[in-house]
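Colleague: What follows is a structure written as structure tokens; I'll ask about it next.
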Amino acid sequence: MTAAFPARSSARAGRADSPWIRRWNEASASRLTLICLPHAGGSAGFYRPWAALMPPEVELVAIQYPGREDRFDDPESAGMGELVTAVADAVLPLLDRPYALFGHSMGSAVAWELAHELDRRRAPGPRRLFASGRAAPGTAVTGHLHRQDDDVLCAELARLGGTSREVLDDPGLRSLVLTAVRHDYRIIETHRPEARPPLSCPIHVLTGDADPELGERRSRAGAGGWADLTTARTEVRVFPGDHFYLTPRRREVVATVLRRMDPSLTTDARRTWPSTP
């Protein structure tokens, strides 16, 4: 079991009690926060290995969606609006210092909606938004995979990579995975973003050079449509790999994120991730 660290200040008290929040690195010396949002079917634990690369100046926070792992029995969100409202409630106590949002795939759309929801509440906005592995909301191609049978969903997971064949071949694990995937695909495939003014923070688009989700739209000029969603600069960084490029390229991705958050930051290469008992 992961140890819980004490709250840094009274403004952040109670954050460890939120079922939405997961964190794995000591925060007492942190001056920046990186809030990470998972892909469809993913969990906060996807970002857990990043904690070993975080310098003391950055607290890593990941969001745990309902309907999976330790939240398997929690009610699923009815749609993107309900999901984002709950995430905003959970992260508000964490915004007492500068922060950035990082979302992969579906998580990038959640991050964009979250930035707008926090702005609506007059909360501090993100210093940066990192959008990984998905075109901009309103331009991304959607379908009806959440209505398809398990074999079709498994084929989609195989196309994107990131899910081991052993998991999909195990009936029990497959059922657990597909329950979360189907729920999240319903949210992202029925998401119809409202027209809003652009954000004011820089947007950094990250993708794999063989990621089928962005394809030719990953060019620096197009940036998968993200350039139209901010008045600030938009940057594209392409890594070798498929849709889940950020797993084998973890160290490079984290180093890129840290440099964009603050050029003085570097990954903590001296740390190693402890084995799980």
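The values are calculated or read from the model by the stated rules, or taken from the named source; none is laboratory data. If you're wondering where the values come from, they're calculated on a predicted model, not measured in any experiment. Here Cβ is always computed from backbone atoms with ideal geometry, including for glycine, and neighbour counts include all displayed protein chains. The area values use the complete protein model at the heavy-atom level, side chains included, leaving out ligands, DNA and RNA. Shrake-Rupley method; radii C 1.70, N 1.55, O 1.52, S 1.80 Å.
Colleague: Using 10 Å bins from zero, what percent of all Cα-Cα pairs in the chain falls into each bin?
Modeller: Once binned at 10 Å, the Cα pair distances of the chain give 6, 30, 39, 21, 3.
Colleague: A further question on this structure: When Lys and Arg each count +1 and Asp and Glu each count -1, what net charge do the other residues less than 14 Å away from Leu160, Cβ to Cβ, add up to?
Modeller: Result for the neighbourhood of Leu160: -2.
Colleague: Short version: ³J(HN,Hα) in whole Hz for each residue of the range 75-84, in order, from phi by Karplus 6.51 cos²θ - 1.76 cosθ + 1.60 (θ = phi - 60°), x for Gly and Pro, what are they?
Modeller: x, 6, 6, 6, x, 4, x, 5, 4, 5
Colleague: With a 1.4 Å probe and all protein chains left in place, how much of the accessible area of the chain comes from carbon and sulfur atoms, in whole percent?
Modeller: Answer for the chain is 52 percent, counting heavy atoms of protein chains only.
Colleague: Please calculate how many Å² of accessible area the chain carries per residue, with a 1.4 Å probe and no DNA, RNA or ligand atoms counted.
Modeller: So the chain comes to 45 Å² accessible per residue, rounded to a whole number.
Colleague: Can you sort Phe46, Phe244 by solvent-accessible area, 1.4 Å probe, largest first?
Modeller: Descending accessible area places them as Phe46, Phe244.
Colleague: Then there is this: Let me have the relative contact order for the chain, percent, based on Cα pairs under 8 Å that are six or more residues apart.
Modeller: 18 percent
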